[in-house]
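Okay, so here's the structure we're looking at.
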Amino acid sequence: MNQAAARIALITGAAGGIGRALCTEFKKSGYRVIGTDVIDVPGLPCDHFVKADLQSISHDEESLKSFVREVAIGAKKDGITTLVNNAAVQILRRTSAISIQDWRDTLDVNLLAPFLLTQALLPHLEKAHGSVINIGSVHAVATKPGFVCYATSKAALVGLTRALAVDLGGRVRVNAVNPAAVVTPMLREGFRGKEDRLAALAGMHPIGRIAEPEEVARAVVFLSSPEASFVTGAIFNVDGGILSRLHDPE
């Protein structure tokens, strides 16, 4: 089997806007793609699909073991070249309205699942001299009202990225990508009837627009490639410059 055919990417949250783009870009780069999501959507651009609830995996060891077995079937005895922890829960509430369950739901999917998957798939990742890429968010660095649970979970995911990179050393590289606003169906739906606000959001990015999902995906493909072989513990902001800009009155 040639090297390109042996490269395998496992992508969580494959049914979302960024997830689909990740599947597509990894396939274009010669990877065999294993996609996973809580829903099974026909036509996903992946070679093997595993339906899985990351919240269940976070609580039930047997569910985690079953998931790893399914992934191994898709990998066909090859190692996992890249694990992309892309799935996320975004619960938007102000401080006074946040419940304990909100925290549990958020942290189970956004923080605990990425760790447990990395831990459980470590032998497969080491076999392929692979890497883990966590999809964070600019909210890990700068946020806004209503994003308490989400921003905290993404800040913790960035911390986990650095800690795993140090703890695993040369065994497996671990990096994170922090996107800003991305043009996904979910974003468009959230701004339905508010096109003026969507345009204002685009204008807040120094680059003058919102990211396309493929732009985030291509950054992830790069970080998983041999060209990034000395990169670990890095936090790559794909943010159109928004984290570099102050929004003081001019």
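The values are calculated or read from the model by the stated rules, or taken from the named source; none is laboratory data. This structure is a prediction, so every number in the text was calculated from the model and none was measured. Note: ideal-geometry Cβ built from the backbone for every residue, glycine included; neighbour counts use all protein chains shown.
Can you find a residue that is in a strand (DSSP E or B), within 26 Å of residue 56 (Cα to Cα) and of a type outside the set (S, T, N, Q) anywhere in segment 134-150? Among the residues of segment 134-150, at least one is in a strand (DSSP E or B), within 26 Å of residue 56 (Cα to Cα) and of a type outside the set (S, T, N, Q), which makes the answer yes.
Yes/no matrix, rows are residues, columns are (1) more than 28 Å from residue 24 (Cα to Cα); (2) aromatic (Phe, Trp, Tyr); (3) modelled with pLDDT of 95 or more:
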position	(1), (2), (3)
140	no, no, yes
148	yes, no, yes
166	yes, no, yes
190	no, no, no
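Each row is one residue, and each column tells you yes or no for (1) touching a residue at least 24 places away in the same chain (Cβ under 8 Å); (2) under 25 Å from residue 182 (Cβ atoms).
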position	(1), (2)
78	yes, no
84	yes, yes
135	yes, yes
144	no, yes
149	yes, yes
159	no, yes
162	yes, yes
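Name the one entry in 80, 11, 39, 91 that is within 22 Å of residue 231 (Cβ to Cβ), in a loop (DSSP other than H, G, I, E, B), of a type outside the set (S, T, N, Q) and under 18 Å from the mean Cα position of the chain (by Cα).
On the way: 11 fails: in a loop (DSSP other than H, G, I, E, B); 39 fails: within 22 Å of residue 231 (Cβ to Cβ); 91 fails: within 22 Å of residue 231 (Cβ to Cβ).
Checking each option against the conditions leaves just 80.
Within segment 223-250, the set of residues being of a type in the set (A, V, I, L, M, F, W, C), more than 14 Å from the chain's Cα centre (by Cα) and not in a loop (DSSP other than H, G, I, E, B) comprises 228, 242, 243. Please determine whether any residue of segment 184-196 is in contact (Cβ under 8 Å) with a residue 24 or more places away in the chain and among the small types (Gly, Ala, Ser). No, segment 184-196 contains no residue that is in contact (Cβ under 8 Å) with a residue 24 or more places away in the chain and among the small types (Gly, Ala, Ser). The set of residues in segment 14-31 being more than 14 Å from the chain's Cα centre (by Cα) and free of Cβ contacts under 8 Å to residues at least 40 places away in the same chain consists of 27, 28, 30.
Every residue, every condition in (1) at pLDDT below 95; (2) not small (Gly, Ala, Ser), yes or no:
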{"site": "2", "(1), (2)": "yes, yes"}
{"site": "5", "(1), (2)": "yes, no"}
{"site": "22", "(1), (2)": "no, yes"}
{"site": "27", "(1), (2)": "no, yes"}
{"site": "32", "(1), (2)": "no, yes"}
{"site": "37", "(1), (2)": "no, yes"}
{"site": "40", "(1), (2)": "yes, yes"}
{"site": "43", "(1), (2)": "yes, no"}
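Restricting attention to segment 37-73, and to residues there that are in contact with a His (Cβ under 9 Å, 6 or more places away or on another chain) and of a type in the set (A, V, I, L, M, F, W, C), which single residue is surrounded by the most Cβ atoms within 10 Å (Cβ to Cβ)? Explain how you work it out, then say what you get.
Going residue by residue through segment 37-73, those that are in contact with a His (Cβ under 9 Å, 6 or more places away or on another chain) are 68, 70-73.
Okay, now just the ones that are also of a type in the set (A, V, I, L, M, F, W, C), so 68, 71-73.
Details: 68: 17, 71: 22, 72: 16, 73: 11.
Per the stated criteria, the residue is 71.
Would it be correct to say that residue 106 is crowded, with 19+ Cβ neighbours inside 10 Å and either in a helix (DSSP H, G or I) or out of contact with any helix residue (DSSP H, G or I) (no Cβ under 8 Å at 6 or more places or on another chain) (or both)? Against the criterion (crowded, with 19+ Cβ neighbours inside 10 Å and either in a helix (DSSP H, G or I) or out of contact with any helix residue (DSSP H, G or I) (no Cβ under 8 Å at 6 or more places or on another chain) (or both)), residue 106 qualifies. Here residue 117 clears all of (1) of a type outside the set (Phe, Trp, Tyr); (2) modelled with pLDDT of 95 or more; (3) more than 30 Å from residue 240 (Cβ to Cβ) except the condition numbered (3). All told, residue 110 falls short of being touching a strand residue (DSSP E or B) at 6+ places or on another chain (Cβ under 8 Å) and of a type in the set (S, T, N, Q). May I ask you to list the residues in segment 178-214 that are of a type in the set (D, E, K, R), loosely packed, with under 14 Cβ neighbours inside 10 Å and in a helix (DSSP H, G or I)? Selection gives 188, 189, 195, 196, 197. Scanning segment 15-32 for residues that are closer than 16 Å to residue 132 by Cβ and either part of a loop (DSSP other than H, G, I, E, B) or out of contact with any Gly (no Cβ under 9 Å at 6 or more places or on another chain) (or both) yields a total of 2. Checked across segment 238-250, the condition of being closer than 29 Å to residue 116 by Cα, buried (at least 17 other Cβ atoms within 10 Å of the Cβ), in contact with a strand residue (DSSP E or B) (Cβ under 7 Å, 6 or more places away or on another chain) and not polar (S, T, N, Q) holds for at least one residue.
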